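Enquirer: One structure follows; several queries about it will come next.
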Amino acid sequence: MRKSETNVQFSCETFPEYVRNELRRSRGKRLAYLWNRFQWSQFPKRRILPSFPLNIDIEVSSRCQIKCTHCFRQYMDVQENDFMPLEMYKKIVKECGEHGLFTLKFSMRGEPLLHPDIVEMVSFAKRSGVKEVWINTNGGAITEKLARGIIGAGVDWITMSFDGLGANYEAVRVPLKYEESLEKLRILRRVRDELKADTLLNVQSIWSAIEDDPGAYITLMKSIVDRVAYNPDMHFDHINCVPDPNFVCPRLWQRLCITSRGNYLKCPSDFRMREVLGNVSDYGVKEAWDTLQGQQRKLHLDGRRLESVVCSECHHGAIKKKVDVTLGDKTRTDASYVSKE
C-alpha cells in the first residue's frame, strides 16, 4: 500500500534558501508550525486522523478573469461563478479558528483577489486565530492598494502563478501582459519589505513554459521573490493518467475543501463538483471532516478508491515516473505522470 503522495511540485530552493524560507514561514508560531509539519507528513502514513483538518481550501471566488491555455477551466464547466457571501465565510472561519486551524488557503478554481471583501477576509481569519493564511493568485488583480491591504491584514503566504518569461508567459496567461505582471510581482515584494511583514512570496510555473531556459527564469524570479517552484504539465482536454490502484490519498487526512456556494469537496481536484459531500448550511466543518470526509477515507482504506470517478482520474493518484531535469548547470531527478498515450 502506497503510504503517501509523490511530490508533484518541485522547489528550486537551495538548502540555505529552504532554511531561510522555513524560518520566515514559521515566525511567531514556530512550535505550532513544527507540529503542523509533522502532522502533515506523518499522520497520513500512520493513518492518524487529526481532530480537525490541517488545511482548509476555501474558494471565496469561483470566478476568474483570465483564460490560461493549460487550465482545466478551458475544458470543463466548474458549475459555479460566484463570490462566497461574507457572512458564510465568517461562519466557516469562526469555527476554524475555534478548532485551531493552521492553514486557510484561498485557492481552488477561481481568482480569490477578485472578491471585493478579500482584505477583510484575510484580516478576519487572522483575528479568528488561523495561524497561516495563504493566497494562490494569477496576480492580475494586484494593485498597490490591494497589496498593502492583504499584506497589512497579515497574509502569511502568497503564491503567484507566473508561467515563463516574455512571450512564453503571454502565450499561457491570456490576456495578461508579461511586463505588467512582473511589475505586480515587484509591488508585492516592495510592499512586503516596506511593511516589514513576514509574508512569504512564492512563484510557480508549469514546466513547459520554462524548459527551454529554466536557469534564466529561476535567476530572475529569485531576485524578486523568496521561493521558486514548477509543476509538471497536466492535460485537461483529455484525462490520460494511469491510476495507481494501491494509492491511498494523504489529502483525506490533511484537508477539506469548500466552494464559493458552500459545497464540501473531498479535495481541490474535483473541478466539476462531481462528488459534492454536503453543504455548510447542513454540516459544520468539524462534522464534515469527521463524517463526510470520513466516508471517503474508508473508501480508500477498503481498496475501493477507483469506484470514485474523481479519484480514478486524479493525477495525484496516478502512477509516477522518474524524469531527469536540467536546471542551469545542474541535473536532478524529479517525477512526472505515466500516461496512457
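Enquirer: Treating only the Cβ atoms of Lys and Arg (+1) and Asp and Glu (-1) as charged, compute the dipole magnitude of the stretch 111-267 about its Cα centre; round to the nearest 20 debye. Show your work: numbers first, answer last.
Expert: Values: 19 positive and 21 negative charges, 155 e Å.
The calculation lands at about 740 debye.
Enquirer: While we're on this one: Name the residue farthest towards the positive end of the dipole of the stretch 48-101 from the options 101, 89, 69, assuming +1 on Cβ of Lys and Arg, -1 on Cβ of Asp and Glu, about the Cα centre.
Expert: 69
Enquirer: Here is a further query. Quick one: putting +1 on the C-beta of Lys and Arg, -1 on the C-beta of Asp and Glu, what dipole do you get for the stretch 182-276 around its Cα centre, in Debye to the nearest 20? Working shown, then result.
Expert: On the way: 14 positive and 13 negative charges, 114 e Å.
In debye, rounded to 20, the stretch 182-276 gives about 540.
Enquirer: To the nearest 20 debye, what charge dipole does the stretch 50-118 have about its Cα centre, counting +1 at the Cβ of each Lys and Arg and -1 at the Cβ of each Asp and Glu? Don't skip to the end; give the middle numbers.
Expert: Numbers: 8 positive and 10 negative charges, 34 e Å.
It works out to roughly 160 debye.
Enquirer: Next up: Taking Cα pairs under 8 Å and at least six residues apart, what relative contact order does the chain come out at, in percent?
Expert: Relative contact order of the chain: 22 percent.
Enquirer: Taking 21 Å as the cut-off for C-alpha to C-alpha distance, list the pairs among 29/91; 29/105; 91/286 that go past it.
Expert: Violating the 21 Å limit, Cα to Cα: 29/91.
Enquirer: Also: Show me the three semi-axes of the equivalent ellipsoid for the chain, from the C-alpha gyration tensor (sqrt of 5 times each eigenvalue), largest first, rounded to whole Å.
Expert: 28, 26, 20
Enquirer: While we're on this one: Rounded to a whole number, what % of the accessible area of the stretch 241-341 do carbon and sulfur atoms account for, probe 1.4 Å?
Expert: Carbon and sulfur together cover 47 percent of it.
Enquirer: Work the Kirkwood hydrodynamic radius out for the stretch 158-207: mean of 1/r over every pair of different alpha-carbon atoms, inverted, in Å.
Expert: Values: mean 1/r = 0.0864 Å⁻¹.
Value: 11.6 Å, from the Cα pair sum.
Enquirer: With all protein chains present, how much of the accessible area of the stretch 155-209 (probe radius 1.4 Å) comes from carbon and sulfur, to the nearest whole percent?
Expert: So the carbon and sulfur contribution to the accessible surface is 52 percent.
Enquirer: Based on the Kirkwood radius over alpha-carbon pairs, what value in µm²/s does the Stokes-Einstein equation return for the translational diffusion coefficient of the stretch 100-233 at 4 °C and 1.567 mPa s?
Expert: Translational diffusion coefficient: 86 µm²/s.
Enquirer: Please state, as a whole number in µm²/s, the translational diffusion coefficient that the Stokes-Einstein equation yields for the stretch 220-301 at 4 °C and 1.567 mPa s, with Rh defined as the Kirkwood radius across alpha carbon pairs.
Expert: 85 µm²/s
Enquirer: Let me ask you something else. Pairs of Cα atoms under 8 Å, at least six residues apart: use those to get the relative contact order of the stretch 48-164, whole percent.
Expert: Worked out over the stretch 48-164, it gives 28 percent.
Enquirer: Then there is this: Per residue, how much accessible area does the chain have with a 1.4 Å probe, in Å²?
Expert: Numbers: 14790 Å² over 341 residues.
Heavy-atom accessible area per residue stands at 43 Å².
Enquirer: Another question, if that's okay. How many Å³ per residue does the convex hull of the Cα positions in the stretch 75-129 occupy?
Expert: Numbers: hull volume 5.0 nm³, N = 55.
Taking the convex hull of the Cα positions in the stretch 75-129, it is 92 Å³ per residue.
Enquirer: While we're looking at this one, here's another question. Could you work out the pair-distance distribution P(r) of the stretch 177-330 from its alpha-carbon pairs, with 10 angstrom bin width and percents rounded to whole numbers?
Expert: 9, 27, 25, 27, 12, 0
Enquirer: Here's another thing I want to ask about it. Compute for the stretch 265-306: radius of gyration divided by Kirkwood radius, i.e. Rg/Rh, restricted to C-alpha atoms, rounded to two decimals.
Expert: My calculation puts Rg/Rh at 0.98.
Enquirer: Where the convex hull is taken over the Cα atoms of the stretch 1-113, what is its projected area averaged over directions, in nm²?
Expert: 10.2 nm²
The values are calculated or read from the model by the stated rules, or taken from the named source; none is laboratory data. It should be emphasised that the depicted structure is a prediction, and the values quoted were computed from it without experimental measurement. Cβ sites come from the backbone with ideal geometry, for glycine too, and all protein chains shown count toward neighbours. Side chains included, ligands, DNA and RNA excluded: accessible areas come from the protein's heavy atoms. Shrake-Rupley method; radii C 1.70, N 1.55, O 1.52, S 1.80 Å.
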